[in-house]
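The values are calculated or read from the model by the stated rules, or taken from the named source; none is laboratory data. All of these numbers come straight from a predicted model, not from anything done at the bench. For neighbour counting, all protein chains shown are included, and Cβ atoms are generated from backbone atoms with ideal geometry for every residue, glycine included. To get the accessible areas, we keep the full protein, side chains included, count just its heavy atoms, and leave off ligands, DNA and RNA. Shrake-Rupley method; radii C 1.70, N 1.55, O 1.52, S 1.80 Å.
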Amino acid sequence: MRPITRLNLLAILATSSFLAISLSYVFIFLPLQNYQNQLQEYHDTQLSARKEQITQEVRNRIKALHDKRRELPRQTSRMLRYRAGIIAGFIDLQFRQGLNEDEILTALTSLARLTPWAEENSEYFILDQKTRFRLHSRYPELKGQNLQSCMESNPLTKNLVEQILSCTGVHECRLPCLDCRQPDQSEHLAVVCPIAAADWFVVTYKSADIIEQELQRQTLRELAEKRFGEMNSGYFFVLDREGRPLMRGVLDQPFNHDLSPLPINPGMEKTARQLVDCAASGKGICFYRHPNPNKTDLYYEDKVAYVELFPPWQWTIGTGLYISEFEQSFAAQKQKLKNTTWQNARLGLLLLGLNLLFNLLVFLLTTRHIKQLENNSRHHLRELEQYKTILDLSCLVSKSDLEGNITYANQALLKVSGYSWEEINGRPHNIFRHPSVPKAVFKNLWETIEQGKVWRGTGKNRSKHGSAYITDIVIAPLRDERGRIVEYLAARHDITELLESREKLKLAFATDNLTSLGSRYKLLQNIADHPGNKELMLFDINGFHDLNHDLGNAAADQILKWVAEQLVNIFHEKHYQHYRLQADTFAVLSDPPATDKNLERSYHFLDFFTKHPCQTASSKTIYISFCCGLALADKNLLCCADIALKKAKKANTALVRYSIELDNEHLSRSYWLNEVLQALRDQRLVPYYQPIVDLRSGAVLKYEALMRLLDEKGRAVPPHEFLPIMKQTHHYAYMTMTIIDQACACFQQRRDAVSINLSVDDLLRPETVALLLTTARQKDIIKRLTIEIVETENIQNYENAMQALDLLRQEGITIAIDDFGSGYANFTYLTEMRADYIKLDGSLVRQVNNSPQIRELLASIINFAHQSQMLVIAEFVSSREILKTMLELGADYGQGYLFSPALPENQLADQQRYDLDLSERRGASIEVAKNGRPR
């Protein structure tokens, strides 16, 4: 036998002996010794509890009675006000209908007899401006008499008359007795209400004595019905100041309706007087003998009662219990205690016998458990070795002492860093430090881990050969059994390849996939990176939409590639940069500007295509022509060039140079400015709503509110006609606010969600954000509201914009990034905005079936969005072919003419669901699921 096993046996034997002695003492000796003491103590405790019960019952009744008596005048006043209002309203209505005085008073008398309060001891009378009685419900003979003459002897009369005549609203007052033949010295509680149509006054009143008597009857009735205690045997009694019983809850008729005393049991006069004196002295508890009503014979038994005086009425209110009934109920408790005592003694003997068997079993189980612990310990050690192996295979792991010297490094770290174990053993961890990392980072790291906290971060490291690698690192302190830090463990993930992929993706946004020219995003970035005067030339192919329709996408793409080649050949100098902004619009940026030379080159470019047609793959000869917009500016360069291009298109001119003095621009700006301002005044700037559809179920997720300007004939003007001009004015903020207000009002009556477009400038306007939140709360749609952020390349005040987004998100508003992938949506801000949705730009979605590069780009964006917990909405879904492709790529929602164009509010349907091709959708979902994208 092992020493530890022998020690276990001795411990169990000692425990067994102690437990046997303890059981004998607790379950046998103590219960028998303490039985009588416990019995008497329990008896006294139960009697005290019953006394406390009857005491609390009486006190609760007294307190409730005080509360009712305080509330009584207010209840009576409300009743009198209500009745005065009904009478005044009735008379006013009759006067307005043209009835004379006698007809009105006759109708009022008939109405009063039919009302529920005709039998409630309240009266009313009507006075004119000279305080003459026009009607009295109780004393009709007072009609025509003056109020003062009826009550000349009462000093309250003059004050009452003044109160009535000066009354302009409902007013309370005290009213003396009106019956001169039978003067009543008690006052009445009255309410005066003027009747404007007749210059009369309605006075409703009720006697204070009657009010008090009604409360007394109600109190006696409630006390008579109240029961408490075991089997509801407890009841109340009430004595007057002379000791005469006013109420006994045990009787069939517990009190008299006229509040007169009840008959008293023979010989109980002295006892009743004793109870009244006890209540008056404040003693409360008293013992006496009284016949038990629960027994048939007139047998006097000992009784304990609690009585208390109610001073306003000089009532003694009390209740009690019969000692014999208490003893009878306690006998059962006594027998139960006796049974429990003997049961504990028998249980002690039984437990004493089982003690040895139990301890023997404990010994066997303990020995077995020790062996299991040893096996578990070996198993946990094997698991820890496996965890270490997995950690070493998946991470770059190292450990260090408290000074930061390396004590362990796995093979993955040695391989990435290029060091051998001998070269870094005992060396400080800063051997991996890259010179570009600030010292403040390491200061923060050491301050964190020395406090026992976990440090997380991303750091740039340097290998033995000088190359850089970037890791995502977690450093945690390791503690001993006392909780003291003994060393530090660092686990790293090499994310160098991930960051390089992100840079490649960012580069893809800056490059047009079809022509390899720069994108709109790249153009805006180049303009912003080099402030100052630059010259921009925009070239747009005339009638390209028709070419694309007639020749097909493949031939149209061939034309675009050929145009891009000629653009690069003609503008070949180093200071030119080339871009494709959208389908058929090309751009050339000249930095530094060379106006005359650029003008010459632009004409040369335009002239080239008049002489050199394009040969398609099908040997078709296609002549194309261009419009050109040229602008020289240091601000809003793209906008200026775009204005010049639009003027060239409208004028059907090959080239237009931007000039602020151009009459066409001034006229266009003035026209749209006046048109929009007039539309704002006429409420013709309205939202149209286009559904966003769940591509899995066909159900409408929500509607996007799109700004439309209705001309004077009610036709909708697309926003691109006026928005570029209005965004340059301070009126744009009011246009946004108008759309916010109308969209919130529309969806207050609907159960759908709604999206509203906000530009970055809108986010930076506190008044716009405040209006959005206030309106959404008032219309109760804040949880159904989505904000679509447009023009993210214009974020000038990034911190304030992020604060505004955080405020909207905290209120429950979801965030979407609009037109993502168009070439100018800023990819840098995507993850930092923590948006809920990404809306794929329509120019990419329309070409998804025509370009493998675009398809791959959209697949990358959708995959990245889903990994970032964002949902994807595809815009411009105009055909089932595009729908099928977007389902295959994993898009969650769709929006476009395939489902519905943008519609006014009155054409929106309720609970709309679109019939999609379920077989295709189900197949696409299965395919996507196999590729690993969680649904």
I'm trying to understand the selection: among the residues of the range 302-339, which are in contact (Cβ under 8 Å) with a residue 40 or more places away in the chain, part of a helix (DSSP H, G or I) and of a type in the set (Ser, Thr, Tyr)? 329
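Would you say residue 702 is buried (at least 16 other Cβ atoms within 10 Å of the Cβ) and basic (Lys, Arg)?
Working: buried (at least 16 other Cβ atoms within 10 Å of the Cβ): yes; basic (Lys, Arg): yes.
So residue 702 passes the test.
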Against the condition surrounded by 21 or more Cβ atoms within 10 Å (Cβ to Cβ), under 25 Å from residue 175 (Cα atoms) and of a type in the set (A, V, I, L, M), how does residue 203 come out, does it pass? yes
Among the residues of the range 213-235, what is the count of those that are in contact with a Pro (Cβ under 9 Å, 6 or more places away or on another chain) and either closer than 26 Å to residue 188 by Cβ or part of a strand (DSSP E or B) (or both)? 2
State the number of residues belonging to the range 727-784 that are under 22 Å from the mean Cα position of the chain (by Cα), of a type in the set (S, T, N, Q) and open to solvent by 50 Å² or more (accessible area, probe 1.4 Å). 4
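Is it the case, given these coordinates, that residue 455 is of a type in the set (Phe, Trp, Tyr) and either under 15 Å from residue 487 (Cα atoms) or open to solvent by less than 60 Å² (accessible area, probe 1.4 Å) (or both)?
Working: of a type in the set (Phe, Trp, Tyr): yes; either under 15 Å from residue 487 (Cα atoms) or open to solvent by less than 60 Å² (accessible area, probe 1.4 Å) (or both): yes.
In short, yes.
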Scan the range 352-372 and report the pairs whose first residue is farther than 20 Å from residue 20 by Cβ and whose second residue is assigned to a helix (DSSP H, G or I) and of a type in the set (Ser, Thr, Tyr), with Cβ atoms within less than 9 Å and a gap of 6+ or a chain change. 367/5; 370/5
The range 450-475 residues that are touching a residue at least 12 places away in the same chain (Cβ under 8 Å) and in a strand (DSSP E or B), paired with ones that are surrounded by fewer than 15 Cβ atoms within 10 Å (Cβ to Cβ) and charged (D, E, K, R) (beta carbon under 7 Å, 6 or more apart): 474/456
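Considering only residues that are open to solvent by less than 40 Å² (accessible area, probe 1.4 Å) and assigned to a helix (DSSP H, G or I), which ones fall in the range 427-442?
Here is the first cut: in the range 427-442, the ones open to solvent by less than 40 Å² (accessible area, probe 1.4 Å) are 431-432, 434, 437.
Matches in the range 427-442: 431, 432.
Go through the residues of the range 374-388 one by one and say whether even a single one is of a type in the set (Ser, Thr, Tyr), in a helix (DSSP H, G or I), within 48 Å of the chain's Cα centre (by Cα) and not assigned by the TED database to the domain that holds residue 470. Give the derivation first.
From the range 374-388, those of a type in the set (Ser, Thr, Tyr) are 377, 387; that's our starting set.
In the following step, the residues that additionally are in a helix (DSSP H, G or I) were identified as 377, 387.
From what's left, within 48 Å of the chain's Cα centre (by Cα): 387.
Now narrow it down to the ones that are not assigned by the TED database to the domain that holds residue 470: 387.
Looking for residues that are of a type in the set (Ser, Thr, Tyr), in a helix (DSSP H, G or I), within 48 Å of the chain's Cα centre (by Cα) and not assigned by the TED database to the domain that holds residue 470, one finds at least one in the range 374-388, hence yes.
Looking at 42, 82 in this structure, which one is at pLDDT below 85 and either more than 30 Å from residue 327 (Cβ to Cβ) or not hydrophobic (A, V, I, L, M, F, W, C) (or both)? Break it down stepwise before answering.
Working: 82 fails: at pLDDT below 85.
Only one candidate passes the filter, namely 42.
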Going through the range 388-426 in order, the residues found to be in contact with a Phe, Trp or Tyr (Cβ under 8 Å, 6 or more places away or on another chain), among the hydrophobic types (A, V, I, L, M, F, W, C) and either open to solvent by less than 30 Å² (accessible area, probe 1.4 Å) or free of Cβ contacts under 8 Å to residues at least 40 places away in the same chain (or both) are 397, 409, 414
Sort out which residues of the range 347-387 are closer than 30 Å to residue 471 by Cβ and open to solvent by less than 80 Å² (accessible area, probe 1.4 Å), and write them in order of number. 383
Take the residues in the range 236-279 that are within 13 Å of residue 220 (Cα to Cα) and outside any loop (DSSP other than H, G, I, E, B); name whichever of them is most open to solvent (accessible area, probe 1.4 Å). 248
Considering only residues that are farther than 25 Å from residue 553 by Cα and modelled with pLDDT under 85, which ones fall in the range 580-602? 591, 592, 593, 594, 595, 596
Report yes if some residue within the range 568-585 is in contact with a Phe, Trp or Tyr (Cβ under 6 Å, 6 or more places away or on another chain), open to solvent by less than 50 Å² (accessible area, probe 1.4 Å) and assigned to a strand (DSSP E or B); otherwise report no. yes
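For residue 581, state whether it is in contact (Cβ under 8 Å) with a residue 60 or more places away in the chain and more than 20 Å from residue 652 (Cβ to Cβ).
Details: in contact (Cβ under 8 Å) with a residue 60 or more places away in the chain: yes; more than 20 Å from residue 652 (Cβ to Cβ): yes.
So residue 581 fits the description; yes.
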For the range 843-870, how many residues meet the condition of being crowded, with 19+ Cβ neighbours inside 10 Å and within 20 Å of residue 704 (Cα to Cα)? 4
By residue number, the members of the range 679-694 that are more than 21 Å from residue 787 (Cα to Cα) and crowded, with 19+ Cβ neighbours inside 10 Å are 679
From the list 631, 564, 555, which residue is crowded, with 21+ Cβ neighbours inside 10 Å and at pLDDT 85 or above? 631
Only one of these is open to solvent by 20 Å² or more (accessible area, probe 1.4 Å), polar (S, T, N, Q) and assigned by the TED database to the domain that holds residue 626: 513, 548, 598. Name it. 548
Looking at the structure I just gave you, is residue 770 more than 24 Å from residue 694 (Cα to Cα), in a helix (DSSP H, G or I), at pLDDT 90 or above and of a type outside the set (Phe, Trp, Tyr)? yes
Among what's in the range 909-935 and is in contact with a helix residue (DSSP H, G or I) (Cβ under 8 Å, 6 or more places away or on another chain) and either at pLDDT 50 or above or assigned by the TED database to the domain that holds residue 753 (or both), pick the residue that is surrounded by the most Cβ atoms within 10 Å (Cβ to Cβ). 916
